Amino acid sequence: MRVQPTTFHELYVRYAGDVFRFAHWLSGNPDDARDITSETFARVWTAPEEPRVETVKAYLFAIARNVHRKQARRQSRQVALDESVHELPDQTAQPDEAAGNQDDVRQALAAMQTLPEADRTVLLMRAEGGMSYEDIAATTGFSVAAAKVKVFRARAKLTALLKPKTGEQP
């Protein structure tokens, strides 16, 4: 059954920002993230069944992850970071603060891109998406325990990658 237009519109309004942010962190490129987001919602629109309301975010993230994987296989190379990262920091900040924020965002994006795709995915689902370990497990096919371990290890890897860049001692 096709999602009704008002229901689909509500679904899009509620989750498009989350899917875009998730896709942006996965791909490292806002243009690719927009494409992934569009494709995700196109697939929901044409799906034979409506998503279950209680797992809709996990369902959308799973579609976005699959679209990203398909796109990455087609490109068969890592996507270079886009220079439009300057849009992310608070524009009301002082110039020196904004420059520092820009550097932090660039370093975080670069560090995220060095993580394996599975680590990036589970970390983003937990941190950015606020998903439960049960939803992460259902989306990725891992057990709940494996999802917890994956998130923990991904956080540790990201922390290790960012510490030398921030001047802290490991």
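Coordinate-derived values only; no laboratory data. Nothing here was measured: the structure is a model prediction, and the numbers come from that model. Note: ideal-geometry Cβ built from the backbone for every residue, glycine included; neighbour counts use all protein chains shown.
Data overview
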| read-out | value |
| --- | --- |
| For the range 37-49, 3J(HN,Hα) per residue [Karplus equation, 6.51 cos²θ - 1.76 cosθ + 1.60, θ = phi - 60°, Hz, x = Gly/Pro] | 4, 4, 5, 4, 6, 5, 5, 5, 4, 9, 5, x, 10 |
| Cβ-defined net charge surrounding Glu128, 9 Å radius [Lys, Arg +1; Asp, Glu -1] | +1 |
| Per-residue ³J(HN,Hα) for the range 139-156, Karplus 6.51 cos²θ - 1.76 cosθ + 1.60, θ = phi - 60°, Hz, x for Gly and Pro | 6, 8, x, 7, 6, 4, 5, 5, 5, 4, 5, 4, 5, 4, 5, 5, 4, 5 |
| Net charge of neighbours whose Cβ lies under 15 Å from the Cβ of Phe142, counting Lys and Arg as +1 and Asp and Glu as -1 | +2 |
| GluC sites (Glu not before Pro) lying in DSSP loop within the range 13-65, provided at most 12 other Cβ fall within 10 Å | Glu49 |
| Projected label distance in nm at Val105 and Glu117, using a 7 Å step from Cα toward the beta-carbon | 2.6 |
| Label-to-label distance, nm, for residues given as Glu49 and Arg74 (7 Å Cα→Cβ offset) | 2.7 |
| Spin-label model distance (nm) - Val144 vs Glu128, 7 Å beyond Cα toward Cβ | 2.6 |
